[in-house]
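Written below as structure tokens is the structure these notes are about.
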Amino acid sequence: MGNPHILAIPYPAQGHVIPLMELSHSLTKHGFKITFVNTDFNHKRVTDAFAHKVSGEGLIHLVSIPDGMEVGEDRNHLGKLTEGINQVMPGELKELIEKINRLEDDEITCVIADVNMGWALEVAAELGIPGAAFWPASALVLAFLFSTEKLIEDEVIDENGTPINKEKMIQLHPNTPAMHPKTILWVCLGDLTTQKTVFEYARTYTKAIAKAEWLICNTTFDLEPGALSLVPEFLPIGPVSATGQLRDLPGSFWPEDATCLKWLDQQPPGSVLYVAFGSFTIFDPIQFQELASGPGAINRPFLWVVRPDITEGTEPDALYPNGFKERVASRGRMVGWAPQRAVLAHPSIGCFLSHCGWNSTVEGVSNGVPFLCWPYFADQFVNESYICDIWKIGLNFKRDERKIITREEISRKVEQLIKDESFKARTLKLKELVMNSVSEGGSSDRIFKNFIKWIKS
């Protein structure tokens with residue numbers, strides 16, 4: 001028998017793949033071999049983005065299975081993706097595990113599945129393999145998912161997940177953000193059919209993870225004491241991004257432009273506005289132009305991540321205001337994708353204009369960087385509330401009568417955040433608490449070490 005062999009399977013979205021890859025890398029330091037299972041579609045994206053690095057990971061072996069969708073279908077359509085996952089992936093995963101287990105020294109000894117892939121733990125149980133569930137987002141959102149049956153019973157939502165009172169805020173605990181009904185994941189999706197598909201899937205996988213012997217979360221007691229008190233089974237081991245050295249891991253869907261780090265080296269300490277909206281945000285042309293004009297009007301350096309697919313219907317290059325690139329050439333840098341952890345750790349970064357995805361949130365906190373919050377979808381609004389209302393380490397934007405965040409509003413908030421030193425002071429204090437939790441003997445470190453003992457047993 002060789003090393004303990006873990007199969008790790010993330011939900012097929014960028015914000016889920018990266019934290020599970022971070023966790024997998026931490027586990028390799030303890031002698032575990034990892035088989036990391038992406039969908040075929042995402043496997044190609046990862047290997048294209050990291051072609052020169054993938055084979056060098058050693059103890060992490062990247063494999064893939066189909067997601068049930070056709071080659072040209074839109075994976076951002078969560079209803080279709082959910083149906084494909086449900087119909088195809090459980091059978092494919094079972095076949096993959098059986099194939100690996102035919103190689104005697106290579107048997108899978110544990111499955112770690114993203115909570116959104118709870119069915120993978122049922123597959124593991126069927127094959128007699130112990131399973132653990134991993135939640136990469138905030139514990140509050142998971143507590144909400146765990147509360148769906150009670151929310152139906154209390155007539156907060158109906159059997160399709162639709163909020164009964166569309167304006168009444170939902171608060172699970174006094175020390176947590178209240179959620180607006182329209183920001184609930186399945187309610188965000190636009191049409192009732194997709195909503196029902198995703199809601200039913202969520203109900204099913206939260207029941208499935210009851211089979212998990214461990215439920216570990218990418219958070220800390222310091223960040224979410226209220227949410228973690230709601231469900232004591234949630235065991236925080238995060239932030240997983242703060243436990244290792246800055247390094248390239250094969251998890252990103254886009255090639256990272258590391259040349260921006262040399263550019264940051266040339267900027268004064270604490271001067272740069274870093275702008276990044278994750279993998280999912282899309283802007284209409286008017287909002288994109290206002291966003292470009294905001295940093296363009298500020299007399300300070302900025303680094304802006306502009307994904308090739310960040311704008312609706314038109315390439316971003318065609319939407320920059322006239323003469324924009326020439327005007328900002330001396331102080332602005334645009335890249336298609338950035339090595340975000342290394343960027344946020346850089347001393348020249350002054351603040352982070354973010355979509356407030358949980359990975360970005362904990363990476364910013366772990367590096368003591370205050371936030372400007374521009375949430376786009378689902379749990380990002382909860383994270384915005386944590387940042388602005390609970391932790392008080394950032395500001396949000398006000399929209400005008402057209403629902404647009406104007407260039408003037410952007411400029412005003414950037415200056416307000418950077419000039420008010422109390423934001424930076426609070427962020428540094430929170431950073432210290434979070435980093436202590438993953439340090440030797442900290443709360444996350446202790447739980448992680450117990451988790452390792454369990455896998456080895």
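Summed over the stretch 58-87, the residues that are crowded, with 16+ Cβ neighbours inside 10 Å and either touching a strand residue (DSSP E or B) at 6+ places or on another chain (Cβ under 7 Å) or under 19 Å from Ile100 (Cα atoms) (or both) give a count of 7. Among the helices (runs of 4 or more DSSP H) confined to the stretch 345-457, the ones with at least 1 residues that are at pLDDT below 95 are located at 407-419, 443-456. Scanning the stretch 100-111 finds one or more residues that are surrounded by 22 or more Cβ atoms within 10 Å (Cβ to Cβ) and within 22 Å of Tyr201 (Cα to Cα).
Find the residue count for the stretch 186-199, including only residues that are buried (at least 16 other Cβ atoms within 10 Å of the Cβ) and modelled with pLDDT of 90 or more. Total meeting the criteria: 8. Of all the criteria given as (1) part of a helix (DSSP H, G or I); (2) in contact with a helix residue (DSSP H, G or I) (Cβ under 6 Å, 6 or more places away or on another chain), the one not satisfied by Thr176 is (1). Taken together, Ala258, Ala242 contain a single residue that is small (Gly, Ala, Ser), modelled with pLDDT under 95 and over 26 Å from Asn396 (Cβ atoms), which is Ala258. Can you pull out every residue in the stretch 431-457 that is surrounded by fewer than 16 Cβ atoms within 10 Å (Cβ to Cβ) and of a type in the set (Phe, Trp, Tyr)? The answer is Trp454, and nothing else. Among residues of the stretch 190-211 that are more than 18 Å from Pro10 (Cβ to Cβ) and of a type in the set (A, V, I, L, M, F, W, C), those with a Cβ under 6 angstrom from a residue that is modelled with pLDDT of 90 or more and buried (at least 20 other Cβ atoms within 10 Å of the Cβ), sequence gap 6+ or separate chain, pair up as Phe199/Gly161; Phe199/Trp186. Considering (1) within 22 Å of the chain's Cα centre (by Cα); (2) over 19 Å from Thr361 (Cα atoms); (3) at pLDDT 90 or above; (4) of a type in the set (Phe, Trp, Tyr), the lone condition that Phe221 does not fulfil carries the number (2). Each residue in the stretch 201-217 was checked for being at pLDDT 95 or above and not aromatic (Phe, Trp, Tyr), and 3 of them qualify. Among residues of the stretch 322-336 that are in contact (Cβ under 8 Å) with a residue 60 or more places away in the chain, those with a beta-carbon under 6 Å from a residue that is of a type outside the set (Ser, Thr, Tyr) and in a helix (DSSP H, G or I) at least six positions away or on a different chain give the pairs Arg333/Cys260; Arg333/Trp263; Val335/Cys260.
The set of residues in the stretch 116-135 that are among the aromatic types (Phe, Trp, Tyr) and outside any helix (DSSP H, G or I) comprises Phe134, Trp135. Filtering the stretch 406-430 to residues that are surrounded by fewer than 19 Cβ atoms within 10 Å (Cβ to Cβ) and within 20 Å of Pro375 (Cα to Cα) leaves Thr406, Glu408, Glu409, Ser411, Arg412, Glu415, Gln416.
Anything in the stretch 331-344 that is assigned to a helix (DSSP H, G or I) and closer than 24 Å to Asn76 by Cα? List them, or say none.
We begin by selecting, within the stretch 331-344, every residue assigned to a helix (DSSP H, G or I); these are 340-344.
Selection gives Gln340 alone.
Here is the figure for the stretch 61-103: residues that are farther than 27 Å from His25 by Cα, hydrophobic (A, V, I, L, M, F, W, C) and assigned to a loop (DSSP other than H, G, I, E, B) total 2. Residue-level check: of (1) surrounded by fewer than 22 Cβ atoms within 10 Å (Cβ to Cβ); (2) under 23 Å from Gln171 (Cα atoms); (3) hydrophobic (A, V, I, L, M, F, W, C), Ile387 misses just (1).
The values are calculated or read from the model by the stated rules, or taken from the named source; none is laboratory data. Every value quoted in this text rests on a predicted model; they were computed, and no experiment measured them. Cβ coordinates were reconstructed from backbone atoms using ideal geometry, including for glycine residues, and neighbour counts include every protein chain displayed.
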